[in-house]
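*Asks:* One structure follows; several queries about it will come next.
What follows draws every value from the coordinates through simple rules; no lab data is involved. All values reported here derive from a predicted model rather than from experimental measurement. Please note: Cβ atoms are built from the backbone with ideal geometry, for glycine as well, and neighbour counts cover all protein chains shown.
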Amino acid sequence: MDQDSDERLRRWRLVLGGGAADGTGVGLSGADARADGALAAVYDREGGLGASAPKVARWLGDIRGCFPSTVVQVMQRDAIDRLDLTRLLLEPEMLEAVEPDVHLVGTLLTLNRVLPDRARESARAVVRSVVDGLERRLAGRTRAAVAGALDRSARTRRPKRAADIDWDRTIRANLRHYLPERATVVPSRLVGYARRERAVRREVVLCVDQSGSMAASVVYAGVFGAALASMRSLRTSLVAFDTAVADLTDRLRDPVELLFGTQLGGGTDINRALAYAQGLITRPAGSILILISDLFEGGVREEMLRRVAALTQAGVQVIVLLALSDEGAPSYDHDNAAALAAMGVPAFACTPDAFPDLMAAAIERRDITRWVERHTT
């Protein structure tokens, strides 16, 4: 019991941070003292790392030795926000010491225009490592989900193989041929999936808000856009916007190049972005437009809503993602989200892990509102 009590006091001491008011009376040494010092540098009022690059580098080494990588990423993000360490990320030695993650990539993309030449290659290496990890995690699943949806969405009355028969639809189409004495249905007409074609069967436009609050969503959109663009059955476009619109479709072959083509931190003109996206669509009935934005419109709101209505009336499937990240819904314009919902356009936050299934549901023209009810809270 004494050992359990000592362990609880040690843990409380690490949580409370020491000082006369913590009430534990416990001193720390060794690894505990290093972990406590690393935490104090960010979270104590009198803490701080100053503007010394060597001191920050030592701190980065300490936290990587004391905590798992998921905790390291949180502490790095808090240090950048709380201690204004953004300037130090312009130094290549700092970039080589940090733990890469999506949020760090977002910060680097925000700094893209001011990165000195000596730090640019290090920044690109950080972005590349994160993008490669996301592609390993998400790209294959996305292509598999979308390919399956494309196959299911194309029906044929002459399936060539038993594996191509859609048994559920076949049984429904032949219920009138049910034989009670044999307890079976005689399928006089088969319904099957068409084999995969090389022709373009869907147009997908990703329209991505690159205002500062959408940094993580921009990173994930770039990775997913590259995965979708690799599929011949889709014609994928990606445009990033603030108050202007940048068509980054020609960079979809390399998501790192695409991300460095964004300019995070500007204003927002959703209406202008939708107008440009509308011009990319050649087959409205076979098109999916995914707007990734927190919906804080800096342009003409009424015109934006009219344009969405025109797109849906033409047959375009419009889906609004308030965020494409693991953090859930950010601050967003509730009035615009409600106005879109009244048009039948769902607006919701989507995690990267759920996005492949969302794309499959959109391709199959399933009810996205019901999909949201099942997959989000």
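*Asks:* Compute the acute angle (0 to 90°) between the alpha-carbon long axis of helix 53-66 and the principal axis of greatest extent of the alpha-carbon atoms of the chain; round to the nearest 10°.
*Replies:* Roughly 70 degrees between the two axes.
*Asks:* List, in order, the whole-Hz ³J(HN,Hα) value for each residue of the range 261-278 obtained from phi through the Karplus relation with A = 6.51, B = -1.76, C = 1.60 and θ = phi - 60°; use x for Gly and Pro.
*Replies:* x, 7, 9, 5, x, x, x, 9, 9, 5, 4, 5, 5, 5, 4, 5, 4, 4
*Asks:* Separate question: If you take the charge dipole of the chain about its Cα centre, with +1 on Lys and Arg Cβ and -1 on Asp and Glu Cβ, which of VAL126, GLN76, VAL345 is farthest toward its positive end?
*Replies:* The residue sitting most towards the positive pole is VAL345.
*Asks:* Can you give me the angle between helix 117-134 and the longest principal axis of the chain, using Cα atoms only, in degrees from 0 to 90, rounded to the nearest 10?
*Replies:* 50 degrees
*Asks:* Mean separation of Cα pairs under 8 Å and 6+ residues apart, divided by the residue count of the chain: what relative contact order is that in percent?
*Replies:* 13 percent
*Asks:* Tell me the GluC sites (Glu not before Pro) within the range 292-334 that lie in a loop according to DSSP and have at most 13 other beta-carbon atoms within 10 Å. Write out the running numbers ahead of the final one.
*Replies:* Details: sites: GLU297, GLU302, GLU303, GLU327; in loops: GLU297, GLU327.
Counting only loop positions with at most 13 other Cβ atoms within 10 Å, the GluC sites (Glu not before Pro) in the range 292-334 are GLU327.
*Asks:* For ILE80, ILE288, which order do you get if you count the other beta carbons within 10 Å of each Cβ and list the fewest first?
*Replies:* On the way: ILE80 18, ILE288 21.
With the fewest neighbours first, ILE80, ILE288 line up as ILE80, ILE288.
*Asks:* If I model a spin label at GLN313 and ASP151 as a point 7 Å from the Cα along the Cα→Cβ vector, what separation in nanometres do I get?
*Replies:* The two pseudo-label positions are separated by 3.9 nm.
*Asks:* Summing Lys, Arg as +1 and Asp, Glu as -1, what charge do residues with Cβ under 9 Å from the Cβ of PHE296 carry, PHE296 excluded? Intermediate results must be reported in sequence, preceding the final value.
*Replies:* Working: positive: none; negative: ASP209, ASP294, GLU297, ASP333.
That works out to -4.
*Asks:* Which angle from 0 to 90°, rounded to the nearest 10, does the C-alpha axis of helix 30-43 make with the longest principal axis of the chain?
*Replies:* 70 degrees
*Asks:* Can you tell me the relative contact order of the range 7-128? Whole percent, Cα pairs under 8 Å, sequence separation 6 or more. Each step should come with its number before you reach the end.
*Replies:* Working: 91 pairs, mean separation 23.7, N = 122.
Reported as a whole number, the value is 19 percent.
*Asks:* How would you rank MET343, MET214, MET359, going from fewest to most other Cβ atoms within 10 Å of each one's own Cβ? Walk me through the intermediate numbers first.
*Replies:* Values: MET343 14, MET214 28, MET359 24.
The most exposed by this proxy come first: MET343, MET359, MET214.
*Asks:* Which of rounded, prolate or oblate describes the range 313-377 when judged by the alpha-carbon gyration tensor and an a/c cut-off of 1.5?
*Replies:* On the way: a/c = 1.89, a/b = 1.05, b/c = 1.80.
Cα axes put the range 313-377 in the oblate bin.
*Asks:* Where a ≥ b ≥ c are the square roots of the eigenvalues of the C-alpha gyration tensor, would you call the range 219-377 rounded, which needs a/c under 1.5, or, failing that, prolate if a/b is larger than b/c, or oblate?
*Replies:* Values: a/c = 1.21, a/b = 1.08, b/c = 1.12.
It is rounded, given that a/c, with a ≥ b ≥ c, falls under 1.5.
*Asks:* Okay, moving on. Quick one: net charge around ASP254, please, counting Lys, Arg +1 and Asp, Glu -1 for every other residue with C-beta under 12 Å from its C-beta.
*Replies:* Working: positive: ARG124, ARG128, ARG251, ARG253; negative: ASP132, GLU135, ASP250, GLU257.
Net of charged neighbours comes to 0.
*Asks:* For the range 165-175, in order, what is each residue's ³J(HN,Hα) by Karplus, 6.51 cos²θ - 1.76 cosθ + 1.60 with θ = phi - 60°, in whole Hz (x at glycine and Pro)?
*Replies:* 6, 8, 5, 4, 5, 4, 5, 4, 6, 10, 4
*Asks:* Can you give the extra length, in nm with one decimal, that the chain gains between ILE171 and SER69 once fully stretched, where that is 0.36 nm per residue apart less the Cα-Cα distance?
*Replies:* Working: separation 102, 0.36 × 102 = 36.72 nm, distance 5.21 nm.
Stretched out fully, the ILE171 to SER69 stretch lengthens by 31.5 nm.
*Asks:* Right, next: So if I place +1 on the C-beta of Lys and Arg and -1 on the C-beta of Asp and Glu, and nothing else carries charge, what would the dipole magnitude of the chain be about its Cα centre? I want it in debye, nearest 20. Write down the numbers at each step before the final one.
*Replies:* Values: 50 positive and 49 negative charges, 555 e Å.
It comes to approximately 2660 debye.
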